[in-house]
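Reviewing the structure listed below.
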Amino acid sequence: MRHWRRRGGDAEERRAADRRGRTAEALAILMLRVKGYRILARRMRTPAGEIDLIAKRGRVYAFVEVKARPDPQTAGEALGSHQRRRIEQAAAWWIGRHVSDTDYDMRFDLVTLVPGRLPRHLSDAWRPDTG
């Protein structure tokens, strides 16, 4: 019985985390639209992994990871190298299937959200490892 409750609590925590994530993504979308981006996809699932947001402005495709954390330091540190590689692979998969034009730039952005502060958009937050 005790194990069942713990698992139920985990499901409840996952639902709460999902709600927080959806709210953070909605705020990130609003901010990016104000900055002139067109949102092409939200929570895009690919064989390589999920991309929170895919946005476009001009000839730039931005693959955006959204992180909501309790303070600025943990928000900035929340994106690890393994997750960055997964997003890079998912972006390559998406580009290969959705973009026929060869005259574009591709970028990886990060939007961090901290309670009581405006969302922070880090344009070109990281570059893919070429090595």
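The values are calculated or read from the model by the stated rules, or taken from the named source; none is laboratory data. Quick caveat, the model's predicted, so the values are computed rather than measured. Positions of Cβ are generated from backbone atoms using ideal geometry, with glycine treated the same way; all protein chains shown enter the neighbour counts. The area values use the complete protein model at the heavy-atom level, side chains included, leaving out ligands, DNA and RNA. Shrake-Rupley method; radii C 1.70, N 1.55, O 1.52, S 1.80 Å.
Observations on the model:
- Filter pass, D71 being surrounded by fewer than 19 Cβ atoms within 10 Å (Cβ to Cβ), more than 23 Å from G21 (Cβ to Cβ) and modelled with pLDDT under 90: no
- Among the residues of the range 81-94, the ones that are farther than 15 Å from D52 by Cα and not hydroxyl-bearing (S, T, Y) come to 1 in all.
- Among the conditions (1) modelled with pLDDT under 90; (2) surrounded by 17 or more Cβ atoms within 10 Å (Cβ to Cβ), A78 misses just one, which is (2).
- Looking at R84, R42, just one residue is surrounded by 12 or more Cβ atoms within 10 Å (Cβ to Cβ) and touching a helix residue (DSSP H, G or I) at 6+ places or on another chain (Cβ under 9 Å), and that residue is R42.
- Qualifying residue in the range 87-94 (condition: part of a strand (DSSP E or B), under 11 Å from the mean Cα position of the chain (by Cα) and under 22 Å from R22 (Cβ atoms)): no
- Identity of the residue in the range 95-114, part of a helix (DSSP H, G or I) and at pLDDT 90 or above, that ends up surrounded by the most Cβ atoms within 10 Å (Cβ to Cβ): I95
- Among the residues of the range 24-39, those identified as crowded, with 18+ Cβ neighbours inside 10 Å and not aliphatic (A, V, I, L, M) are E25, Y37.
- Within the range 121-131, tally of residues that are loosely packed, with under 15 Cβ neighbours inside 10 Å and within 18 Å of the chain's Cα centre (by Cα): 4
- Boolean, A41 is within 22 Å of D18 (Cα to Cα) and outside any strand (DSSP E or B): no
- Put simply, of E50, E65 the only residue that is acidic (D, E), in a strand (DSSP E or B), open to solvent by 30 Å² or more (accessible area, probe 1.4 Å) and closer than 22 Å to W93 by Cβ is E50.
- Selection from the range 95-114 of residues that are under 15 Å from T46 (Cβ atoms) and small (G, A, S): G96
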